[in-house]
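The values are calculated or read from the model by the stated rules, or taken from the named source; none is laboratory data. Owing to the predicted nature of the structure, the values given are computational and were not obtained by experimental measurement. FYI the Cβ positions are ideal-geometry reconstructions off the backbone, even for glycines, and counts take in every protein chain you see. The protein model used for the area step is the full one, side chains on, heavy atoms only, and it has no ligands, DNA or RNA in it. Shrake-Rupley method; radii C 1.70, N 1.55, O 1.52, S 1.80 Å.
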Amino acid sequence: MEHVLEHNQENTKIFGFWIYLMTDLIIFAVLFAAFIVHRTSTFGGPTGKELFEMPSVLAETVILLTSSFTCALAMGSVHKGKRNWAMFWFLMTFALGVSFLVLELKEFAHFVSIGASWKRSAFLSSFFTLVGTHGLHITVGLLWMAVMMLRLYIRPLVDSSISRMHRMALFWHFLDFVWIFIFTVVYGWTHLS
């Protein structure tokens, strides 16, 4: 009976987490809408086509999508009870996430250094807000992943720990999903127009 109750509580937590992800999706939808409305509002400043370096953006995309794959491998190892492999794949995911964040921050720093900061135009303001919000989520995901790796290292793999890792993995995959839209709408669409 106690096991069934614990299982139901974990399912409720996962359902609640899906609701959280949907509210986060609404936030990103609003930021996408703002970007789409303001994408041509450069006020004489640089356009996305002039600023965005597609090879760098493509590298960010490959890194983040690969991190989603390694995260899935980590969760597969967790479900099989292979702690060492899970730790290895989570470390790979973490390293890829940090690499993505470094590239994104370098892009931001470059834009600011050439005078294309969020203060320059509505286009840049909406760009920095949307992509920066995603970067903030990546940072939170990395912190959460670090905590989960610590728990994996020092605690046994019990249902509640697996459920926490499952929610963290859902969050990470959600960020990849959002990035695909950022890559398409922000970088791709802007670069083609």
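Brief remarks on what is shown
- Filter result for residue 148 (assigned to a helix (DSSP H, G or I), in contact with a Lys or Arg (Cβ under 8 Å, 6 or more places away or on another chain) and under 22 Å from residue 10 (Cβ atoms)): yes
- Residues of region 113-140 classified as open to solvent by 20 Å² or more (accessible area, probe 1.4 Å), of a type in the set (A, V, I, L, M, F, W, C) and within 24 Å of residue 175 (Cβ to Cβ), total: 4
- Every pair of residues 6+ apart whose Cβ atoms lie under 6 Å, when the first sits in region 128-156 and is at positive phi while the second is aliphatic (A, V, I, L, M) and exposed (fewer than 12 other Cβ atoms within 10 Å of the Cβ): none
- Scanning region 65-95 for residues that are of a type in the set (Gly, Ala, Ser), under 18 Å from residue 161 (Cα atoms) and in contact (Cβ under 8 Å) with a residue 40 or more places away in the chain yields 72, 74, 81, 86.
- Qualifying positions in region 157-172 - open to solvent by 10 Å² or more (accessible area, probe 1.4 Å), in contact (Cβ under 8 Å) with a residue 12 or more places away in the chain and of a type outside the set (Gly, Ala, Ser): 157, 159, 162, 164, 166, 167, 170
- Residues of region 1-49 that are at pLDDT 90 or above and of a type in the set (Asp, Glu): 24 alone.
- Residue 43 vs. criteria open to solvent by 80 Å² or more (accessible area, probe 1.4 Å), of a type in the set (A, V, I, L, M, F, W, C) and farther than 22 Å from residue 171 by Cα: yes
- Taking the criterion of being under 20 Å from residue 135 (Cβ atoms), among the basic types (Lys, Arg) and not in a helix (DSSP H, G or I), the residues of region 68-122 that qualify are 119, 120.
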